Amino acid sequence: MLENCILLSLFAKENLAHMSEEQLNRYDRLINEPSNDWDIYYWATEAKPAPAEFDNDVMAMLREFAKNRNREQRLRQPDLEYLFEPPR
């Protein structure tokens with residue numbers, strides 16, 4: 001689903017390089033285990049509460065990112081070149 005692709009890819013670009021191994025494992029689990037992409041979107045936007053197994057620091061980071069407090073335009077997924085750039 002496009003909304004999740006944009007949300008999760010921009011979140012990944014901004015956060016993955018700074019996450020611990022445990023956080024990376026939690027993020028991997030979040031994006032791979034739920035069978036319904038809408039669930040992830042609803043949890044991230046706080047439309048529905050996340051189940052206990054996904055309600056952790058990574059979900060808190062994703063929720064905060066989804067609020068888009070800086071009002072950035074988030075209209076498309078980032079180009080993948082960032083994967084080859086040194087972390088900021």
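A few notes on this one:
- For the range 1-57, filtering for residues that are in contact (Cβ under 8 Å) with a residue 40 or more places away in the chain and among the β-branched types (Val, Ile, Thr) leaves 1.
- Looking only at residues of the range 34-66 that are open to solvent by 100 Å² or more (accessible area, probe 1.4 Å) and modelled with pLDDT under 95, we find that the one that is nearest to the chain's Cα centre (by Cα) is Trp38.
- So Glu81, is it in a helix (DSSP H, G or I), loosely packed, with under 14 Cβ neighbours inside 10 Å and modelled with pLDDT of 95 or more: no
- Lone unmet requirement of (1) modelled with pLDDT of 90 or more; (2) exposed (fewer than 11 other Cβ atoms within 10 Å of the Cβ) for Arg69: (1)
The values are calculated or read from the model by the stated rules, or taken from the named source; none is laboratory data. None of the values given here were measured: they were computed from a predicted structure. Heads up, the Cβs are rebuilt from the backbone with ideal geometry, glycines too, and the neighbour counts pull from every protein chain shown. Just so you know, the surface numbers come from the protein's heavy atoms only, side chains and all, with ligands and any DNA or RNA stripped out. Shrake-Rupley method; radii C 1.70, N 1.55, O 1.52, S 1.80 Å.
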